[in-house]
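One structure is given here, and the rest of the page talks about it.
The values are calculated or read from the model by the stated rules, or taken from the named source; none is laboratory data. Please read these numbers as outputs of a predicted model, since none were measured by experiment. Every residue, glycine among them, receives a Cβ derived from its backbone with ideal geometry; neighbour counts consider all protein chains shown. Areas reflect the complete protein model, heavy atoms only, side chains present, ligands, DNA and RNA absent. Shrake-Rupley method; radii C 1.70, N 1.55, O 1.52, S 1.80 Å.
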Amino acid sequence: MVRPYAVKGRKKPKKRPRVEEEEEEKEEQQQEENDEAVSEKENEETLENEEKGESTAEDERKAEEAIEEMPGIPIAPRVQDPKKKPGVIFVLERACLEFAKVGKTYQILNSDDHANFLKKQNRNPADYRPDIIHQALLAILDSPLTKAGRLQALYVRTEKGVLFEVKPHVRMPRTFKRFCGLMLQLLQNLSITASGKREKLLNVIKNPVTRHLPVNSRRIGLSYSSEKMVQMRDYVAAASDDVNLVFVVGAMAHGKIDNDYTDDFISISNYPLSAACCLGRICNALEHKWNIL
Ligand SMILES: C[S@@+](CC[C@H](N)C(=O)[O-])C[C@H]1O[C@@H](n2cnc3c(N)ncnc32)[C@H](O)[C@@H]1O
């Protein structure tokens, strides 16, 4: 059976109370719903073949191909030799990705579905906005810049300080529900790998993010509150291609990013923008600079 995200072995204890087992079964079932490995049809076919004992190398090859083609699968085609050309690194700070046990299952908290739960705990529902990081990631991963292989690295740090890397060729779930399922899996298991491949597509890594940045990099923090207002296209056009550009953008609803590890701190508009809009502007400016259509 082909599955999209392989999570390393969870061993079940031999004997446990029935209620606990049932709960675990339910959780596993929900997690499998988040998996986008195989369409139901593929799944049925694979199962049928397995039952008949006809699982051959040819089947496996076809399944691999199907994974590459199916929407929502976290693997996108790689672009050859992206290292030859200058690229960009993004750090998305203060992403709101917190999970808790709501009822019987663990869930990523959000202001729409968990308002009562959050209020009962004297927490402000308005602070729980995982949709911001979802849209921000899609803005980067969907951009022609990324498709052209110029996304060098992408890091996300949550409000709680969990830092993880997103590989540029990951195909992020497009719906919010499936995105939350994937993020929950990541935060619980610390990495997500594609089936049949060892590479970690999403991986929790050690803080601080600066230890993962290239030596020769220029870190640029973005905030509406910065006094240095720039025209993004001119700003990136003036930057040398020999320096690695690192853009640090906030993925939270309120407040601003820490600028303690940035070399520059800029505002790119007279208006407060969404993180996704901001990232779109950066990508667009770099596409213009590097002639990516
Ligand atoms: C939803 S906003 C957060 C709002 C927050 N009040 C602020 O501007 O920092 C998400 C992120 O978008 C970026 N951003 C929004 N408007 C911006 C602007 N006019 N110039 C530069 N960055 C901006 C910032 O990095 C910000 O952290």
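Things worth noting here:
- Residue in segment 99-121 that is under 30 Å from Ala237 (Cβ atoms) and either assigned by TED's automatic domain parsing to the domain that holds Ile192 or at pLDDT below 95 (or both) present: no
- Ala126 open to solvent by less than 20 Å² (accessible area, probe 1.4 Å) and either assigned to a loop (DSSP other than H, G, I, E, B) or in the same structural domain as Gly250 (by TED's automatic domain parsing) (or both): no
- Residue check, Ser226 within 16 Å of the ligand (Cβ to nearest atom), open to solvent by less than 60 Å² (accessible area, probe 1.4 Å), of a type outside the set (A, V, I, L, M, F, W, C) and out of contact with any Leu (no Cβ under 7 Å at 6 or more places or on another chain): yes
- Scanning segment 128-154 for residues that are in contact with a Ser or Thr (Cβ under 8 Å, 6 or more places away or on another chain) and more than 15 Å from Val166 (Cα to Cα) yields a total of 3.
- Pairs with Cβ under 6 Å, 6+ apart, first in segment 279-291 and open to solvent by less than 30 Å² (accessible area, probe 1.4 Å), second of a type in the set (S, T, N, Q): Cys283/Ser143
- Pair list, Cβ < 9 Å and 6+ apart or interchain, from segment 235-263 residues that are open to solvent by 80 Å² or more (accessible area, probe 1.4 Å) to residues that are aliphatic (A, V, I, L, M): His254/Ala126; Asp258/Val248; Asp263/Ile220; Asp263/Val246
- Filter result (under 16 Å from Gln152 (Cβ atoms) and part of a strand (DSSP E or B)) within segment 208-221: Ser217, Arg218, Arg219, Ile220
- Residues (more than 10 Å from the ligand (Cβ to nearest atom) and of a type in the set (A, V, I, L, M, F, W, C)) located in segment 262-292: Cys283, Ala285, Leu286, Trp290, Ile292
- Residue within segment 247-261 that is of a type in the set (Lys, Arg), over 26 Å from Val162 (Cβ atoms) and either more than 9 Å from the ligand (Cβ to nearest atom) or outside any helix (DSSP H, G or I) (or both) present: no
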